[in-house]
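What follows draws every value from the coordinates through simple rules; no lab data is involved. On a predicted model such as this, the values are computed, not experimentally measured, just so you know. Please note: Cβ atoms are built from the backbone with ideal geometry, for glycine as well, and neighbour counts cover all protein chains shown.
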Amino acid sequence: MKKSEVPQDSSNIESTNMRELCYATDDKGNYTTALSSGWEPKTIALSNSIEEIKERTEAARQQVINNEASPIVYFMELNKMDVGILAGYVGMWQWRIKRHFKPSVFAGLSDKVLKKYADAFLITTEQLKKFKG
């Protein structure tokens, strides 16, 4: 794409006063960089992704309220993590983390284990323990 054709559509990036770096060709056909404020297909895809994340976070919150899941599930979704990513942060096996999703198991976790989760979620242990949705 030519430098003059780099998309400048309204997007979420534009509202943050940021621009995305793109590669384009100049008048002589040489590759150069150009700044873009957005591109409609990408904006749509990002908006859909953000909406899906919000829905999953709300579903996790409802599971905590209904005592179907521990707060770990909610904070994992809120922080855009999956079990594999969380396992890396807390240094535990994935099967163990999944076990901690059960409210009854979560209630018996030691402060040491809860601190690992709290640190991964950038919250305090108390916030994690007391979260009720």
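If you take the square roots of the eigenvalues of the alpha-carbon gyration tensor of the range 55-97 and sort them as a ≥ b ≥ c, do you get rounded (a/c under 1.5), prolate (a/b over b/c) or oblate? Oblate, since a/c reaches 1.5 and b/c is not below a/b. Computed 3J(HN,Hα) for the range 115-120, one whole-Hz value per residue from the Karplus formula 6.51 cos²θ - 1.76 cosθ + 1.60 where θ = phi - 60°, is 5, 4, 5, 4, 5, 5, glycine and proline marked x.
Phi angles of the range 77-88 translate, via the Karplus equation with coefficients 6.51, -1.76, 1.60 and θ = phi - 60°, into HN-Hα couplings of 5, 4, 8, 6, 10, 10, 4, x, 5, 4, 4, x Hz per residue; Gly and Pro are given as x.
The label point for Arg99 and the one for Thr124, both projected 7 Å from the Cα toward the Cβ, are 3.0 nm apart. Determine the percent antiparallel among the DSSP beta bridges restricted to the chain, to the nearest 5. Antiparallel: roughly 75 percent of the beta bridges in the chain. Residues Met76, Met1, Met92 in ascending order of nearby Cβ atoms (within 10 Å, fewest first): Met1, Met92, Met76. Specify which labelled value, from [x] 7.5; [y] 10.5; [z] 8.9, agrees with mean projected area of the Cα convex hull in nm² derived from the coordinates of the model shown. It is the value labelled [y]. Mean-square fluctuations from a GNM of the chain, with a 10 angstrom spring cutoff on Cα atoms, peak among Gly108, Gly84, Gly29 at Gly29. When shorter helices are ignored and each DSSP H run of at least 4 residues is given -39500 (n - 2.57), the per-residue value for the chain at 222 nm works out to -16000 deg cm²/dmol. Counting only residues at least eight positions apart within a chain, or on another chain, the aspartates and glutamates with an alpha carbon under 19 Å from that of Lys116 are Glu77, Asp82, Glu126. Put in line by how crowded their Cβ is, counting other Cβ atoms within 10 Å and starting with the fewest, Val105, Val64, Val83 read Val105, Val83, Val64. Each residue of the range 96-108 was assigned a 3J(HN,Hα) from its phi angle through the Karplus curve 6.51 cos²θ - 1.76 cosθ + 1.60 (θ = phi - 60°); the sequence is 5, 4, 4, 5, 6, 5, 6, x, 5, 6, 4, 4, x Hz, with glycine and proline shown as x.
List the GluC sites (Glu not before Pro) within the range 40-104 that fall in a DSSP loop (any state other than H, G, I, E or B) and whose Cβ has at most 15 other Cβ atoms within 10 Å. Hits after loop and neighbour filter: Glu68.
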